[in-house]
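Here's the structure we're looking at; comments come further down.
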Amino acid sequence: MSERNIEYSTTGYNESVKFSVIMPVHNPNLQYFHEAIQSVLNQKYLNFELIIVDDYSNTKSVEECARSYSDEYEFIRFYRNSKHLNISNTLNFGISKSKGHWICFLDQDDLFHENALLAAFHAISSNEDIEVVYTDEDKIDEDGNRYEPNFKPSINQGLLLSQNYICHLLL
């Protein structure tokens, strides 16, 4: 199995589209949490904001970790729910705080490829009528090996009504 690497040019484009990356968290594994945030920081497309919303985690270490990033980077904002609200309300709160043109979600243990937002930008800028962008995905084990690739079809209403094949990355 080989990774499909597509090179997207970063020359000759403007960063006119702002992405809001919403990351809900609740008692995350801190190593994965750091790696997820770092994968956003490693993006080649730079016009984005990262909104981290802690859904009332049990430890202060989550808040300390998130605040260390939001203190260092002005485009990272951190919020904490005053009680456990579950994923839907936490995502909706993050969306309400967003300022981007496009919303995307990142789980606390997910990783963005460094070209994730750049590829989304190219898809959006090549079709002004586009309303939804989604990508293929795979899993990564503890040793960094990729497995279970999910190569997704073009939009298929019948399939989508029977299963959520879109999942991640969704804008």
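The values are calculated or read from the model by the stated rules, or taken from the named source; none is laboratory data. Small disclaimer: the values here were computed from a predicted structure and weren't measured. Ideal geometry is used to build each Cβ from the backbone, glycine not excepted, and the neighbour counts take in all protein chains shown. For accessibility, only protein heavy atoms count, side chains too; no ligands or nucleic acids. Shrake-Rupley method; radii C 1.70, N 1.55, O 1.52, S 1.80 Å.
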Original post:
To one decimal place, what Kirkwood hydrodynamic radius in Å is obtained for segment 76-171 from all pairs of distinct Cα atoms?
Top reply: 15.7 Å
Original post:
Using unit Cβ charges (K, R positive; D, E negative) and no other charged atoms, how large, in debye to the nearest 20, is the dipole of segment 26-117 about its Cα centre?
Top reply: 340 debye
**OP:** Count neighbours as other Cβ atoms within 10 Å of each site's Cβ, and list the trypsin sites (Lys or Arg not before Pro) in segment 67-124 that are DSSP loop with at most 15 such neighbours.
**Re:** Lys83, Lys97, Lys99
**OP:** Compute the Rg/Rh shape ratio of the chain: radius of gyration over Kirkwood radius, all on alpha-carbon atoms.
**Re:** 0.96
Subject >> Residue-count net charge about Pro24 - beta-carbon cut-off 9 Å; Lys, Arg +1, Asp, Glu -1 >> reply: -3
Original post:
Which value, in Å², gives the accessible area per residue of the chain when a 1.4 Å probe is used on the protein heavy atoms?
Top reply: 59 Å²
**OP:** Determine, from the Cβ-Cβ distance of Ser16 and Cys167 and an R0 of 35 Å, the FRET efficiency 1/(1 + (r/R0)^6), rounded to the nearest 0.05.
**Re:** 0.80
Original post:
Of all the accessible heavy-atom surface of segment 54-95, with the other protein chains kept in place and a 1.4 Å probe, what percent is carbon and sulfur?
Top reply: 47 percent
Original post:
Got the relative contact order for segment 41-118 handy, in percent, Cα pairs under 8 Å and 6 or more residues apart?
Top reply: 46 percent
Original post:
Cα to Cα, under 17 Å, and not fewer than 8 places away if on the same chain: which aspartates and glutamates meet these conditions relative to Lys99?
Top reply: Glu15, Glu49, Glu74
Original post:
Do you know the relative contact order of the chain, to the nearest whole percent, from alpha carbon pairs under 8 angstrom that are 6+ apart?
Top reply: 27 percent
**OP:** Assign unit charges at the C-beta atoms only (+1 for Lys and Arg, -1 for Asp and Glu), then state the dipole size of the chain relative to its Cα centre in Debye, rounded to the nearest 20.
**Re:** 540 debye
Original post:
To the nearest Å, what is the center-to-center distance of segment 123-160 and segment 24-41, using C-alpha atoms only?
Top reply: 21 Å
